[in-house]
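To start, the structure itself, in structure tokens.
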Amino acid sequence: MAKVDKGKRQAALNLCGLCTALMCASVAVMPGKLSAQPDLSLELVDPKMLRVCADPHNMPFSTDSGEGFENKLAELLAAQLGKGLTYAWYPQAPGFVRNTLRAYKCDVLMGIPQGDDVVQVTNPYYRTAYALVIKQGSGLDGVATLSDPRLKGRHIGIVAGTPPADNMVVNGLMANAKPYPLVVDTRVASSAAAMMRDLSAGEIDAGILWGPMAGYYARQASSAVTVVPLVKEAGGPRLAYRIAMGVRHTDQEWKRLLNRKIAENQDVINRLLLSFGVPLLDDKDQPLPADSIAR
């Protein structure tokens, strides 16, 4: 009888040990599932703050008074993440990434083309293209590509060193082009604003600008203009790009968290961008209309 009791006790102990092991395994798994946010203390200098580096004078993207759409996006993300928001300001010029993100003065750059290997990029949060800006009634209404013969001999504004300059060369449009500088002191000048002033004054017949700048400055123009995304070009480099956020290559958990917040807030982000005139495109190069976005 004693042997039977001893065997029962051993079986009970084994069962209890198995239950304890399963409970420990469950406890080990549960925190990962229940945690709202990963531990970012090894990746971010201050996990309680959304630390952004941006140009202080670069509408429509960012200003030190918070007017740009990247400022508004940063405010949205900070609220979604439950963090405070702080900036380190630096002009958008050569050395920007080296002196900001890589120097640990911030943890995110708000607008980086997908495929840029200088930083690690998140999933893209919008897609747009360089655009042709035309004054309505100038005889160029309906032009949708730089190969249109109506552009021959016309004075077209182009920011030097940008991809569509190559497309202009392919189509024989550079002889009468008016160049604008790529790098300027944004505290005192804007190539986009200068181009739009020249278009309104009739000094140029059309201009080519990066989509967000074309859409924003078209709304500020003194005369009615049309913004045409250049998505039908047969030659030259591609002119449509996906735009993401940039983080350090080592910051994997931070990137995943930002990806999740982008996905959760995509409709809100789209509405924000459209409110600034950004010509949004889907993956088939079709315009993304405001009434297609859920509220």
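No lab work stands behind these numbers, since they all come straight from the coordinates. Just so it is clear, the structure is predicted and the values come from calculations on it, not from any experiment. Note: ideal-geometry Cβ built from the backbone for every residue, glycine included; neighbour counts use all protein chains shown.
Around Val45, under 12 Å between beta carbons, what's the net of Lys plus Arg minus Asp minus Glu among the other residues? Value of the local net charge: 0.
Helix content alone sets the calculated 222 nm mean residue ellipticity of the chain: runs of n ≥ 4 DSSP H residues at -39500 (n - 2.57) each, divided across all residues, give -11000 deg cm²/dmol. Spin-label pair Lys48-Thr145: with each label point 7 Å from Cα along the Cα-Cβ axis, the two points sit 5.8 nm from one another.
With the simple model of a label 7 Å out from the Cα in the direction of the Cβ, His249 to Ser200 spans 4.5 nm.
Calculated FRET efficiency, Arg238 to Val188, Cβ-Cβ distance, R0 = 30 Å: about 0.40 to the nearest 0.05.
Counting only the Cα atoms, the chain fills a convex hull of 178 Å³ per residue. Extension gain, Glu264 to Asn176, is 27.0 nm, computed as 0.36 nm per intervening residue step minus the present C-alpha separation. For the chain, build the charge dipole from Cβ charges (+1 Lys, Arg; -1 Asp, Glu) around the Cα centre, then report which of Thr250, Ala129, Ser41 sits farthest towards its positive end. In the chain, that residue is Ser41.
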